[in-house]
Amino acid sequence: MSKRPLIIVANWKMHKTRSEAISFFHALQPYLPSFDSSLKKILIAPPFTAIADLAAAAVDKNSFILIGAQNMHHAAEGAFTGEVSAEMLKEAGASFVILGHSERRHLFHETNHQIRLKLIMAFSKNLIPLLCIGESLEERKTGKTFEVLSRQLKETLEGTLPNEMIIAYEPLWAIGTGTAATPELVGEVHIFCRHFLSTLYGEDFAENTPILYGGSVTEETLLPLLKQPYVGGVLLGKTSLDSSKFIEILNLAGKTKI
Ligand code: PGA
């Protein structure tokens, strides 16, 4: 079972102005040569306003550092005040887009159907979708975790003819709470997701689609999580906001390469 090298994602949510984003990147830059043989990719999803600046700063590292968005609209264009299209993101320099993050699902009432439309648009524009899935505490307590995850995967992915994509398992009860899921639980879910992906789209697709874990990952919780089967990396919220913590995470993750 090969699960290295790893993908480390920074989701900055609604944090960092353009100048703060650039300062972060400058703090990271000197360390990049030491990471790029040990990590597969670093993905940074700043707010929309900082995508173009970061993409320009990261351009010579383009295959190793990808800049992306945290959301987009599923339509190509139209009267959708406040929304952003895949084409606009591409032109700004985005290479990937996070879709279906739990904050989008719960605070902004995004449905599996809408996420599916966004996935289709992302595939058609060659933006790598990073699809987030995860159960609530109530769903976990009532034994519905696998039912919820399979529904999220099936309703968003089935029939979309996916190509390159990333999936992140992010249980709602672990996001921003300071309590990461236990490594054993993450391992169990990742085995389930991998199997479910192979039933949907075959072994090759399952093998080539990294499945990440996200939810209160810190320097302390990182390594046991990465040791679990099929954990292809992590998606960091809070821990990714501080450049020194992020560099520490990259260092630790780089050392787990096998
Ligand atoms: P957190 O956020 O690391 O702050 O829990 C993770 C996420 O929302 O993706």
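Laboratory data are not the source of any read-out in this text; all were calculated from the coordinates shown. Predicted model, so just to flag it, every value in this text is computed and none were measured. We place every Cβ from the backbone using ideal geometry, glycine too, and count neighbours over all the protein chains shown.
Here are the numbers:
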item: Segment 21-105, relative contact order [Cα under 8 Å, separation at least 6], %; result: 28
item: Cα pair distances in segment 60-213, grouped into 5 Å bins until the bin that holds the longest one, percent each; result: 2, 9, 18, 22, 19, 16, 9, 4, 1, 0
item: The chain: most fluctuating residue of Ala57, Ala86, Ala76 per GNM, C-alpha cutoff 10 Å; result: Ala76
item: Along the chain, longest interval not containing exposed chymotrypsin sites (Phe, Trp or Tyr not before Pro), exposed being DSSP loop plus at most 12 other Cβ atoms within 10 Å; result: 109-258
item: Pairs beyond 30 Å (Cα-Cα), from Lys144/Lys238; Lys41/Lys154; Lys16/Lys154; Lys118/Lys255; result: Lys16/Lys154; Lys118/Lys255
item: Dipole of segment 121-220, positive direction: furthest Cα of Thr179, His195, Phe123, with charges on the beta-carbon; result: Phe123
item: Percent of Cα-Cα distances greater than 20 Å, calculated over segment 124-258; result: 45
item: Other-chain or far-sequence residues with amide H under 5 Å of Glu110's (modelled H); result: Arg105
item: Amide proton proximity set for Leu66, modelled H, under 5 Å, gap of 5+; result: Ile42, Leu43, Ile44
item: Cα-based radius of gyration of the chain once divided by 2.2 N^0.38 Å, which approximates compact folds; result: 0.94
item: Amide H within-cut-off set for Leu212, under 5 Å, with H built and near neighbours excluded; result: Ile167, Ala168, Tyr169, Gly232
item: Choice from Thr81, Thr218, Thr179 showing the highest fluctuation, given a GNM over the chain with Cα pairs closer than 10 Å; result: Thr81
item: For the chain, built as a Gaussian network whose Cα springs stay under 10 Å, the top-fluctuating residue of Gly176, Gly187, Gly159; result: Gly159
